[in-house]
1. Return the residues of region 48-75 that are of a type outside the set (Gly, Ala, Ser), in contact (Cβ under 8 Å) with a residue 24 or more places away in the chain and out of contact with any Phe, Trp or Tyr (no Cβ under 8 Å at 6 or more places or on another chain); say none if nothing qualifies.
2. Checking Thr10 against (1) in contact with a Lys or Arg (Cβ under 9 Å, 6 or more places away or on another chain); (2) surrounded by 12 or more Cβ atoms within 10 Å (Cβ to Cβ); (3) under 20 Å from Gln110 (Cβ atoms), which test does it fail?
3. Based on this model, can you work out whether Ala34 counts as over 17 Å from Asp21 (Cα atoms), among the small types (Gly, Ala, Ser) and assigned to a strand (DSSP E or B)?
4. What number of residues in region 77-97 are surrounded by fewer than 16 Cβ atoms within 10 Å (Cβ to Cβ), farther than 22 Å from Ala15 by Cβ and either charged (D, E, K, R) or touching a Pro at 6+ places or on another chain (Cβ under 6 Å) (or both)?
5. Take Glu105 and tell me if it is modelled with pLDDT of 95 or more, among the charged types (D, E, K, R) and surrounded by fewer than 16 Cβ atoms within 10 Å (Cβ to Cβ).
6. With the requirement that a residue be touching an Asp or Glu at 6+ places or on another chain (Cβ under 7 Å) and under 19 Å from Val31 (Cα atoms), what does region 88-100 give you?
7. Being under 16 Å from Glu105 (Cβ atoms) and in a strand (DSSP E or B), is that true of even one residue in region 47-64?
8. Could you go through region 100-109 and let me know if any residue there is among the aliphatic types (A, V, I, L, M), at positive phi and assigned to a loop (DSSP other than H, G, I, E, B).
Amino acid sequence: MTTETTLQWTDVCAAADILPDTGVCALVDGVHVAVFRVGESEQFFAIDNVDPKSGASVLSRGLIGSLGDRTVVASPLYKNHFDLRTGECLEAPEHSVRAHAVRVEAGTVQVALG
């Protein structure tokens, strides 16, 4: 099992650059990653940015919300909901995306591919 200390972390941006309840897209080792800040807290999530149904790199522009106890983003194209913790597509699990490790170190958001 990979531990946090053995992950390859990539700086994305300053935590303050992501407004609450929005996302940004980052290129991490050639992968389009969507990084989200949920609420006013330092709660950040990262999933693949490419919508698997359309192939477009748009998930970072989706609307953040909740379905039951899950924090999700709705794809701006097909409105599928993706769990920000797991990447699972709630409407069509076969369209799930990868979730990635994310942390904030000294005010900088960092992502490690999962």
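The values are calculated or read from the model by the stated rules, or taken from the named source; none is laboratory data. Everything quoted here is computed from the prediction, not taken from an experiment. Here Cβ is always computed from backbone atoms with ideal geometry, including for glycine, and neighbour counts include all displayed protein chains.
1. Residues satisfying the conditions are Asp48, Asn49, Val50, Pro52, Arg61.
2. (1)
3. On the way: over 17 Å from Asp21 (Cα atoms): no; among the small types (Gly, Ala, Ser): yes; assigned to a strand (DSSP E or B): yes.
Judged against the criteria, Ala34 is not a match.
4. 3
5. So Glu105 fits the description; yes.
6. Result: Ser96, Val97, Arg98.
7. Taking every residue of region 47-64 in turn, none turns out to be under 16 Å from Glu105 (Cβ atoms) and in a strand (DSSP E or B).
8. yes
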